[in-house]
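Quick notes on the structure that follows.
Read-outs: derived from the displayed coordinates by stated rules, not from any lab. Everything numeric here is computed off the predicted structure, so don't read it as measured data. Positions of Cβ are backbone-derived with ideal geometry, glycine not excepted, and every protein chain shown enters the neighbour counts.
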Amino acid sequence: MRERRGGPWTRWLIVSALVVAADLATKAWVSRAFAAGEALEVTSFFNLVLTYNTGAAFSFLAGAGGWQRWFFTAVAVAISAAIVALLPRQRDPWMSAALALVLGGALGNLYDRLTLGRVVDFIQLHAAGYYWPAFNVADSAITVGVVLLVWDSLRGRRAAPATGE
């Protein structure tokens, strides 16, 4: 039986909306509190630093001349549309959570690309003089979502229990 509009799958849209809200709120706070490039050491391995990324993960295509903004915007819109189409059909809560996290992250970074032309990053991890590229809440949600998707694909499908009918 197909779920009606507003069915249980919509709770996953709420998860996505919470990711977007957390992402935008933290980016707004950092953008107000820091100047570009300014860093605050929080622990021996974690800094807050305001950076801007015109590319994708690890600044991929950041220096491409501007066309990448619209390319990554189109990719985010396509992925978001596909996830919104897939969510109502999901019955596995792990898969639903994974898709919701990826959707929220994609939408958070999409907002930045559309309004700023670049993505605000501010979380910087480092150890022994090596620095991980700065990232944000949206990037974290996408990463966790993708890890859950990979884990789901590797764990295999269990046979559905017999219903006795």
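Could you list VAL15, VAL20, VAL150, VAL75 so that the one with the fewest beta carbons within 10 Å of its beta carbon is first and the one with the most is last?
By the 10 Å Cβ count, ascending: VAL150, VAL75, VAL15, VAL20.
Work out how much length ALA81 to PHE46 would gain on full extension: take 0.36 nm times their residue separation and subtract the Cα-Cα distance, in nm to one decimal. Display every interim value, and only then the final one.
Numbers: separation 35, 0.36 × 35 = 12.60 nm, distance 3.44 nm.
Value of the extension gain: 9.2 nm.
At 7 Å along the Cα-to-beta-carbon direction for both ALA39 and ARG11, put a label point, then send me their distance in nm to one decimal.
Result: 4.2 nm between the two label points.
Please compute the modelled spin-label separation between ARG89 and PHE71, points set 7 Å along Cα→Cβ, answer in nm with one decimal.
2.9
Taking 0.36 nm per intervening residue step and subtracting the Cα-Cα distance, what contour gain separates ALA25 from ARG118 on full extension? It would help to have the intermediate numbers written out before the result.
Details: separation 93, 0.36 × 93 = 33.48 nm, distance 1.63 nm.
Contour length minus Cα-Cα distance gives 31.8 nm.
In the range 82-128, which trypsin sites (Lys or Arg not before Pro) fall in coil by DSSP and have 10 or fewer other Cβ atoms within 10 Å? Display every interim value, and only then the final one.
Values: sites: ARG89, ARG91, ARG113, ARG118; in loops: ARG91, ARG118.
Answer by residue number: ARG91.
Give me VAL30, VAL120 ranked fewest to most by other Cβ atoms within 10 Å of their Cβ, as a rough exposure proxy.
Details: VAL30 20, VAL120 24.
Starting with the residue having the fewest Cβ neighbours, the order is VAL30, VAL120.
Based on other C-beta atoms within 10 Å, arrange VAL49, VAL19 from fewest to most.
On the way: VAL49 18, VAL19 26.
Fewest-to-most Cβ neighbours within 10 Å comes out as VAL49, VAL19.
VAL49: net charge of surrounding residues, Cβ under 11 Å, Lys/Arg +1, Asp/Glu -1, itself excluded? Let's see the in-between values first.
Numbers: positive: none; negative: GLU38, GLU41, ASP121.
Net charge in that neighbourhood comes out at -3.
Classify the range 87-141: rounded, prolate or oblate, from the alpha-carbon gyration tensor (a ≥ b ≥ c, eigenvalue square roots; a/c under 1.5 rounded; otherwise prolate if a/b is larger than b/c)? The partial results should precede the final answer.
On the way: a/c = 5.54, a/b = 1.53, b/c = 3.61.
It comes out oblate by the Cα gyration axes.
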